[in-house]
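A.B. asks: First, the structure itself, so that you have it in front of you.
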Amino acid sequence: MSNAPAATTVIDRYAVMGDPVSHSRSPVIHRLFALQTGQSIQYELLQVAPDKLESAIRQFAKTGGKGLNITLPHKSEVTRLVDDMSERASNAGAVNTLVFQDGEIFGDNTDGVGFLRDLQSNLGLELEDANILVLGAGGATRGIISPLLDTKPRSLMIANRTVSRAKSLAEHFSTQGPVTACRFEDVRKPPVYDLVVNATSAGLTGQTPPYPEDAISEHTICYDLSYAMTATPFTRWAKEHGAARSLMGWGMLVEQAAESFYLWRGVRPDTAAILKQISITA
Ligand code: NAP
């Protein structure tokens, strides 16, 4: 019998960092991806306050972590901490995925591609010539504006509680398409909106801000980036105001996670199978 110590399997570590973060279903999705693709990974949920972000990221990398997802409110701040980032992250000014390799930190943004894959491939929506309203001007909005403009909409309005943030985003993306900004109360019906996206985090605390009722018609599709086991405050609000469809962000969650998983592991999960597995509707 050999006296050699038993070989230990090294499990690669990943996590999502945010504040708050307990609502995140990313650990479940990544565990399902790992099972489906036969990858051996561990994925944790880490609550990290803004003043601890840099030290938490460096500590995670130093102790063998391979990659991170970054969620609210850190997506813009983390751009300062990377050694290099993808064009889509740099264009968005926001990072939701970190890859640690050879002592360096690489940042990417998978929100936009995940959002568009859900809208176009999963839901079959055509956005060319559409009038689009995005509510919210935080890190998630930064990630989805450029991909939305790539679909050649007729107009894209960003409305936000703090109007200065919406205006600075509209200015940032103005060379890429017809994007404007206003406060919630200044959104008016004409044009009829084909798509209204809720990218605020208000629903996480159960709040329904004064969303613009005039933006909704029987033709409007409403999409909440937030997701929950039952309807979110926004999807309930949209249904009550007569939207044609009212959808939660489970599809985006799975698609953006799949893109992160691909960056980390070089393997693309079958997202349709996972979406069927978690299959939740508003
Ligand atoms: P963030 O950077 O913290 O931005 C939050 C946004 O929400 C800001 O525009 C803020 O407005 C607005 N807001 C917060 N509370 C509000 C309230 N009570 N009334 C009106 N506006 C309010 O967050 P984020 O990273 O953009 O994330 C936004 C949401 O998208 C979160 O719920 C997140 O979970 C979700 N998300 C989902 C996915 C997915 O895969 N499904 C991906 C990314 C994000 P002010 O500027 O006025 O503060």
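The values are calculated or read from the model by the stated rules, or taken from the named source; none is laboratory data. Everything numeric in this text was worked out from a predicted model, so none of it was measured. Every residue, glycine as well, gets a Cβ built from its backbone with ideal geometry; the counts of neighbours run over all protein chains shown.
A.B. asks: So in segment 116-135, with the set limited to residues that are assigned to a loop (DSSP other than H, G, I, E, B), out of contact with any helix residue (DSSP H, G or I) (no Cβ under 8 Å at 6 or more places or on another chain) and not acidic (Asp, Glu), which one is surrounded by the fewest Cβ atoms within 10 Å (Cβ to Cβ)?
C.D. replies: GLY124
A.B. asks: Can you run down the residue pairs with Cβ atoms below 6 Å, 6 or more apart or on separate chains, where the first is in segment 157-168 and assigned by TED's automatic domain parsing to the domain that holds PRO209 and among the hydrophobic types (A, V, I, L, M, F, W, C) and the partner is within 8 Å of the ligand (Cβ to nearest atom) and not in a helix (DSSP H, G or I)?
C.D. replies: From segment 157-168, the pairs are ILE158/ALA137; ALA159/LEU135; ALA166/ALA137; ALA166/ASN160.
A.B. asks: Something else now. Out of the residues in segment 210-225 that are in contact (Cβ under 8 Å) with a residue 60 or more places away in the chain and not in a strand (DSSP E or B), state the one that is nearest to LEU32 (Cα to Cα).
C.D. replies: Per the criteria, the residue is LEU225.
A.B. asks: Could you check GLN39 against (1) more than 16 Å from the ligand (Cβ to nearest atom); (2) within 18 Å of the chain's Cα centre (by Cα) and say which number it fails?
C.D. replies: (2)
A.B. asks: Something else: Go through the residues of segment 36-56 one by one and say whether even a single one is more than 28 Å from GLY203 (Cβ to Cβ), buried (at least 20 other Cβ atoms within 10 Å of the Cβ) and not assigned by TED's automatic domain parsing to the domain that holds ARG142.
C.D. replies: no
A.B. asks: Considering segment 230-265 alone, what residues qualify as being of a type outside the set (A, V, I, L, M), within 18 Å of ILE29 (Cβ to Cβ) and not in a helix (DSSP H, G or I)? Break it down stepwise before answering.
C.D. replies: As a first pass, look at segment 230-265 and keep what is of a type outside the set (A, V, I, L, M): 230, 232-237, 239-242, 245-246, 249-251, 255-256, 259-262, 264-265.
Retained after the next criterion (residues that are within 18 Å of ILE29 (Cβ to Cβ)): 232, 249-251, 255-256, 259-262, 264-265.
Matches in segment 230-265: THR232, GLY249.
A.B. asks: Of the conditions (1) under 25 Å from THR97 (Cα atoms); (2) among the hydrophobic types (A, V, I, L, M, F, W, C); (3) in contact (Cβ under 8 Å) with a residue 60 or more places away in the chain, ALA130 fails just one. Which one is it?
C.D. replies: Of (1) under 25 Å from THR97 (Cα atoms); (2) among the hydrophobic types (A, V, I, L, M, F, W, C); (3) in contact (Cβ under 8 Å) with a residue 60 or more places away in the chain, only one is false for ALA130: (1).
A.B. asks: Filter segment 1-21 down to residues that are part of a loop (DSSP other than H, G, I, E, B) and modelled with pLDDT of 95 or more and give me whichever is surrounded by the most Cβ atoms within 10 Å (Cβ to Cβ). Write out each step before concluding.
C.D. replies: First, pick out the residues of segment 1-21 that are part of a loop (DSSP other than H, G, I, E, B): 1-11, 19-21.
Subsequent filtering for residues that are modelled with pLDDT of 95 or more retains 19-21.
Values: ASP19: 15, PRO20: 13, VAL21: 19.
Here the residue is VAL21.
A.B. asks: Let me ask something additional. One residue is enough: does segment 267-274 have a residue meeting the conditions more than 14 Å from the ligand (Cβ to nearest atom), within 21 Å of GLU128 (Cα to Cα) and either touching a Gly at 6+ places or on another chain (Cβ under 6 Å) or not in a helix (DSSP H, G or I) (or both)? Spell out how you get there, then give the answer.
C.D. replies: Start the filter on segment 267-274 by keeping residues that are more than 14 Å from the ligand (Cβ to nearest atom), which leaves 267-270, 272-273.
Still in the running and within 21 Å of GLU128 (Cα to Cα): none.
Among the residues of segment 267-274, not one is more than 14 Å from the ligand (Cβ to nearest atom), within 21 Å of GLU128 (Cα to Cα) and either touching a Gly at 6+ places or on another chain (Cβ under 6 Å) or not in a helix (DSSP H, G or I) (or both), which makes the answer no.
A.B. asks: Those residues that are touching a strand residue (DSSP E or B) at 6+ places or on another chain (Cβ under 7 Å), touching a residue at least 40 places away in the same chain (Cβ under 8 Å) and within 24 Å of SER168 (Cα to Cα), I need them from segment 89-126; list them, please.
C.D. replies: Selection gives ASN96, THR97, ASP108, THR110.
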